[in-house]
Amino acid sequence: MNARLAAALVAALAAVAVFGGARAQDKDDTAKGIEAYREALKDGNPAELFEMAGEELWNKPAGPKNASLQGCDLGLGPGKVEGAFAQLPRYFADTDKVQDVESRLLTCMSALQGIDTQEYVDARFGTPKKNDLIALATYISGASKDKPVAVTLAHPKARQMYELGKRMFFFQAGPHDFSCATCHGEEGRRIRMQDLPNIMTKEGAAAGWTSWPAYRVSSGQMWSMQWRLNDCFRQQRFPEPIYASDMTVALSMYMAANANGSTVATPGIKR
Amino acid sequence: MTDKTVGRRWVVKRGAVLAALAAAGMVVPKELFASWNKAAFEGKTADEVVKALGGSSAAASGEVQIIASDIAENGAVVPIQAVSRLANTQQIAILVLANPNVLAAVFDVGPDIVPDFTTRIKMSQTSNVIVLVKADGKFVSATKEIKVTLGGCGG
Amino acid sequence: MGSPMRIRAASKDGVTEVRILMNHEMETGQRRDGAGNVVPAWFIQEVKASLNGKNVMQAQWGPSIAKNPYLAFKVKGGKAGDKVSVTWVDNKGDSRTDEANVT
């Protein structure tokens with residue numbers, strides 16, 4: 001880590017030396033400083049603690065059936081975790097639905113463990129039940145780290161889900177007359193110090209899609225994509241989406257398919 | 001807190017004593033931490049901390065290094081690397097002058113340790129950060145300003 | 001008891017770098033909860049590490065170490081298969097010990 005931090009700082013200093021103009025330099029200093037900060041955060045990501053917790057939950061018998069999730073089919077066959085996240089969301093024949101990692105986990109908890117998952121759907125973010133789901137999602141996503149995003153729209157329902165997500169992305173409403181595209185449909189948008197990715201492009205979709213679940217340093221919490229989307233809805237002053245509902249999966253499908261071919265970088269770490 | 005107290009036997013013995021005391025229900029937890037330097041951690045200025053650690057002053061030294069970004073996007077988590085190139089380094093401390101209590105951490109440097117620690121601190125606001133080193137019984141330091149852009153809410 | 005730590009220890013050129021992630025709230029005692037009450041300070045006060053049973057590192061922390069603390073340090077010596085053990089104790093008297101093998 002130390003070498004990486006030092007390298008980022010050297011790069012920052014070199015950049016300062018090259019740019020002469022005082023104002024350009026100020027701006028550059030800030031951008032480079034923040035870049036160095038973000039780089040330094042990456043190593044020793046507390047998300048690893050959630051990965052560990054998620055793995056334990058995956059392997060531990062629980063629920064009325066006292067069964068583990070080891071037999072859960074995430075799309076690559078029962079119990080196959082490695083690489084599964086890179087291909088989610090996907091169409092599952094057993095549920096005849098397109099599911100993301102979190103909605104699929106609910107299916108497995110219900111089918112394998114006999115758990116009434118409604119409590120997990122209804123639980124607020126940041127409370128133990130949601131934290132368990134997010135730890136599981138973190139573990140599963142981590143097992144696809146560095147794999148290429150490979151989501152297929154071959155099944156008609158998958159294609160449908162993508163189109164639904166696209167419609168949702170451009171759907172403009174609420175007291176602020178916002179859509180997702182208002183912030184994420186143009187290059188170079190920014191909120192405070194955060195660059196907002198343009199989800200319509202592969203690069204932008206990759207920046208959004210491939211880094212969640214992520215550890216949020218501001219809150220010291222692990223956030224999944226479901227939580228991230230829920231908060232996007234809040235920020236738009238939209239009604240709160242139901243956890244793991246089709247609408248949330250559809251938005252994920254839109255992002256994931258746009259990000260196809262990019263590299264899974266989860267679990268991430270964010271401001 | 002000298003190197004002698006860091007022995008394995010000491011740890012084991014202390015554990016046993018703690019267990020016994022706890023079982024007897026007669027302990028105030030604070031008192032268990034004989035080696036936690038309360039005075040130093042309650043210091044409001046660098047001077048108070050240096051004194052509580054047993055020194056009188058701490059001159060700047062080029063042999064002490066703080067590696068950190070100039071700007072922290074969020075003060076809740078600020079990566080800091082503290083390095084001493086001085087022979088016989090005994091202790092390294094990290095201080096944040098603008099925090100309510102300035103001392104964040106003290107590391108004892110025994111004979112087996114390379115004086116090079118990385119951790120993450122909280123900063124309440126933009127502040128000078130000091131790495132304080134005790135070497136050969138003397139205190140020296142390095143200072144770096146780190147700007148904190150809290151970045152507001154949500155996100 | 002606390003939750004498990006994540007410990008990584010890697011030996012290179014005669015120096016073992018130990019990197020530790022700990023599960024802890026590191027509550028400062030400066031914050032108020034939803035009811036307006038001050039949330040009491042709750043933080044790791046001491047961290048100790050040993051290599052093959054020999055104590056090599058000891059730290060004292062205050063509440064301004066970040067939540068879910070990260071610590072990296074370097075020990076002279078150590079080789080693949082050696083055992084690193086880390087213990088923390090917090091201000092409520094809770095503690096946690098975890099081990100890892102050097103790689």
So for the range C:65-73 (the condition being more than 13 Å from the chain's Cα centre (by Cα) and surrounded by fewer than 23 Cβ atoms within 10 Å (Cβ to Cβ)), does at least one residue qualify?
no
Go through the range A:241-271 residue by residue and tally those that are at pLDDT 95 or above and charged (D, E, K, R).
1
Among the residues of the range A:16-46, what is the count of those that are in a helix (DSSP H, G or I), modelled with pLDDT of 55 or more and within 14 Å of chain B (Cβ to nearest Cβ)?
18
Flagged in the range C:42-54 as outside any strand (DSSP E or B) and buried (at least 16 other Cβ atoms within 10 Å of the Cβ), in numbering order, are C:F43
What residue, of A:L5, A:L49, A:L9, A:L13, is within 14 Å of chain B (Cβ to nearest Cβ), at pLDDT 90 or above and not in a loop (DSSP other than H, G, I, E, B)?
A:L49
Which condition from (1) within 11 Å of chain C (Cβ to nearest Cβ); (2) within 28 Å of C:S50 (Cα to Cα) is the one that B:S124 breaks?
(2)
The lone condition B:Q81 fails out of (1) out of contact with any strand residue (DSSP E or B) (no Cβ under 8 Å at 6 or more places or on another chain); (2) within 25 Å of C:M57 (Cα to Cα) is (1)
Hits in the range A:201-217 - residues which are part of a loop (DSSP other than H, G, I, E, B) and surrounded by 19 or more Cβ atoms within 10 Å (Cβ to Cβ)
A:T210, A:S211, A:W212, A:P213, A:V217
Among the candidates B:G55, B:G151, single out the residue that is modelled with pLDDT under 95 and at positive phi.
B:G151
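Each row is one residue, and each column tells you yes or no for (1) modelled with pLDDT of 95 or more; (2) more than 23 Å from A:L41 (Cβ to Cβ).
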position: B:A72; (1), (2): no, no
position: B:Q81; (1), (2): yes, no
position: B:A87; (1), (2): no, yes
position: B:A142; (1), (2): yes, no
Among what's in the range C:75-90 and is modelled with pLDDT of 95 or more and crowded, with 21+ Cβ neighbours inside 10 Å, pick the residue that is nearest to the other protein chains (Cβ to nearest Cβ).
C:V75
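One residue is enough: does the range C:6-18 have a residue meeting the conditions in contact with a Phe, Trp or Tyr (Cβ under 7 Å, 6 or more places away or on another chain), more than 7 Å from chain B (Cβ to nearest Cβ), crowded, with 21+ Cβ neighbours inside 10 Å and in contact (Cβ under 8 Å) with a residue 60 or more places away in the chain?
yes
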Residue count, the range B:96-155 (criterion: outside any strand (DSSP E or B) and among the hydrophobic types (A, V, I, L, M, F, W, C)):
6
Looking at A:S224, A:S211, A:S218, can you tell me which residue is touching a residue at least 40 places away in the same chain (Cβ under 8 Å) and in contact with a Leu (Cβ under 8 Å, 6 or more places away or on another chain)?
A:S224
In the range B:64-92, anything over 22 Å from C:Q30 (Cα atoms), more than 8 Å from chain A (Cβ to nearest Cβ) and of a type in the set (G, A, S) is listed as B:A82, B:S84, B:A87
Against the condition in contact with a helix residue (DSSP H, G or I) (Cβ under 8 Å, 6 or more places away or on another chain) and either outside the structural domain of B:K51 (by TED's automatic domain parsing) or not hydrophobic (A, V, I, L, M, F, W, C) (or both), how does B:K138 come out, does it pass?
no
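The values are calculated or read from the model by the stated rules, or taken from the named source; none is laboratory data. Just so it is clear, the structure is predicted and the values come from calculations on it, not from any experiment. Cβ atoms come from the backbone with ideal geometry, glycine included; neighbour counts cover every protein chain shown.
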